[in-house]
Amino acid sequence: MTTLLPRDADNIPIQALRLKAGNAHSISVTASSARNATAFDAATCTIAVYATGPCFIRNGNSTVTAAATDHYLPGGTYLYLSMGQGKAGRDTHIAAIRASADVTLYISELE
């Protein structure tokens, strides 16, 4: 089967997405929940997130808020998330709240 995916040293296709130009976001994560101000592009199905320190995250719509009971993201870790699609709907925002100290959450839309 022909593929246009990049290949590893053993010539095996690597499932990869590219960064969507102009669609990088960052959130200052503090003791209060914060979310990305601009909705993700309508065609974005996957995002990558990276936090400079530990925080809790939750994806949803333009009113989503994060709490300390949401998903824990360790600092210094990349995480790839589906924004959903189809009958389940698609998330347009991500919210975060700090675990201890203020951090920055970086978000990259992928295509």
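Throughout, read-outs are computed from the coordinates displayed, never taken from laboratory work. From a predicted model like this one, the values you see are computed outputs, not experimental measurements. Note: ideal-geometry Cβ built from the backbone for every residue, glycine included; neighbour counts use all protein chains shown.
Rg/Rh for the chain stands at 1.03; both radii use Cα atoms, and Rh follows the Kirkwood definition.
Where in segment 43-64 does the label zone of Ser82 land, with the point 7 angstrom along Cα→C-beta and an amide N cut-off under 13 Å? Counting only backbone N, you get 45-47. Close amide H contacts of Val64 (hydrogens built in the peptide plane, cut-off under 5 Å, sequence separation of 5 or more or a different chain): none are found. Computed extension gain for Thr65 through Ile14, at 0.36 nm per residue and net of the alpha carbon distance, reaches 14.9 nm.
The string of couplings for segment 64-79 from the Karplus curve (6.51, -1.76, 1.60, θ = phi - 60°) is 4, 10, 9, 9, 5, 9, 7, 5, 7, 10, x, x, x, 10, 7, 9 Hz, one whole number per residue in order, with x for Gly and Pro. In this rough spin-label picture, where each label sits 7 Å from Cα along the Cβ direction, the Ala21-Arg90 distance is 2.0 nm.
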